[in-house]
Amino acid sequence: MKICVVGAGAIGGYLGVKLALAGEEVTLIARGAHLEAIKKNGLKLIMHDGTEHVAKDVRATSSMAEAGVQDLVILGMKAHQLPPVAADLRVMFGPDTVVVPTQNGIPFWYFQRHGGELEGRIVESVDPGGVCVKNIEAERIIGCVVYPASEIAAPGVIRHIEGDRFPIGELDGSETERARRVSEAFTKAGFKSPILPNIRSEIWLKLWGNLTFNPISALTHSTLVDICQYPLTRDLAAKMMTEAQTIANKLNIQFRVPLEKRIAGAEKVGKHKTSMLQDLEAGRALEIDALVGAVVELGRMTNTPTPHIDAVYALTKLLNKTVLEEQVCVRALKLA
């Protein structure tokens with residue numbers, strides 16, 4: 001299968017290496033020092049147990065036109081990075097090209113092939129003006145939820161932290177041959193990739209924690225266990241999750257895990273810095289709108305009050321504005 005990974009960073013690079021080593025014809029879209037390192041040495045993957053893998057037989061380029069038409073396009077960038085390149089993706093689309101977005105949070109395609117009263121609605125928080133919906137046809141898309149954690153350790157080097165699950169599903173819940181092909185390719189590469197009948201429910205289950213713990217961690221410079229064990233932030237997280245659950249229920253989503261069990265699961269992760277806290281410390285743009293802003297927007301669509309989510313969203317948006325405008329990073333430093 002000809003596969004192009006657009007955004008060969010932490011998650012895209014992890015997928016790209018494993019798929020290439022499994023025998024797929026992989027092209028990686030990257031840029032800067034990361035691209036140059038891949039061209040020179042291939043893309044290295046350091047697994048959580050210390051084992052190393054190098055995918056040398058991959059194409060690496062910054063040009064989607066150079067990549068050419070693909071069987072499968074995996075969108076590995078963050079949600080806010082997708083709209084600016086959405087139109088450029090079309091040069092890789094043939095009649096049967098499948099697109100698998102891997103962004104966290106509420107995806108741009110959420111109400112495409114949805115079937116409810118909100119069918120076709122644009123989620124402006126993640127797709128301003130509907131540029132993604134216009135350029136990436138819903139009929140091409142297979143939904144995906146990303147559970148692994150990884151990072152770019154150095155140019156050309158991906159470090160895997162944990163996880164191997166990439167559940168997928170057709171947007172309308174149907175069982176298709178193309179979904180089986182994608183699942184089989186992922187499974188052959190060493191991932192767990194079951195085909196789910198309701199991919200949106202899985203999206204909400206992961207988002208349930210991300211929309212709370214990510215911004216709270218960035219605002220407080222605290223890890224998951226700290227947030228969960230401090231009564232005030234644990235209560236805040238629970239109230240945000242309750243508001244989100246009400247929205248999800250109105251969209252016919254039911255959670256298979258109770259709220260307290262979801263919080264307990266986060267607590268068990270321990271002294272882990274969320275991705276948003278890591279981005280804050282590195283001076284990168286925070287992934288706010290897909291994780292939090294989109295939930296606020298869906299709250300408005302469903303006439304659901306979200307006072308606790310609104311407050312955290314406002315504070316985190318201002319923090320992000322400061323980081324980007326002042327070009328600073330924010331870190332907690334020990335006093336001498």
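About the Cα centre of the chain, how large is the charge dipole given +1 on each Lys and Arg Cβ and -1 on each Asp and Glu Cβ? Please answer in debye to the nearest 20. List each step's numbers first, then the result.
On the way: 38 positive and 38 negative charges, 121 e Å.
Using only the charged Cβ atoms, the result is roughly 580 debye.
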Point to revise | Residue order, fewest to most surrounding Cβ atoms within 10 angstrom, among GLU124, GLU202 | key: GLU124, GLU202
Review point. Where does each of 139-145, 233-239 land if you order them by average Cβ count within 10 Å, highest first?
Key: 139-145, 233-239
Review point. Residue-wise, which Karplus ³J(HN,Hα) couplings in Hz belong to the range 185-190, taking 6.51 cos²θ - 1.76 cosθ + 1.60, θ = phi - 60°, and x for glycine or proline?
Key: 5, 5, 5, 4, 7, x
Review point. If the cut-off is 17 Å between C-alpha atoms, which lysines fall inside it for LYS192, apart from same-chain ones fewer than 8 positions away?
Key: LYS18, LYS206
Practice item. Using only the Cα atoms of the range 200-326, each taken as one equal point scatterer with no solvent, compute I(q) by the Debye sum, divide by I(0), and report log10 of the ratio at q = 0.16, 0.21 Å⁻¹. Key: -0.74, -1.24
Point to revise | Long pairs among LYS44/LYS268; LYS2/LYS56; LYS271/LYS321, criterion Cα-Cα beyond 20 Å | key: LYS44/LYS268; LYS271/LYS321
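Per residue of the chain, what 222 nm ellipticity follows from adding -39500 (n - 2.57) for every DSSP H run with n ≥ 4, rounded to the nearest 500?
Numbers: 12 runs with 138 residues, N = 336.
Helix contribution divided over all residues of the chain: -12500 deg cm²/dmol.
Values in this text are rule-based calculations from the coordinates and carry no lab data. Quick caveat, the model's predicted, so the values are computed rather than measured. Neighbour counts are summed over all protein chains in view; Cβ atoms, including those assigned to glycine, are modelled from backbone coordinates with ideal geometry.
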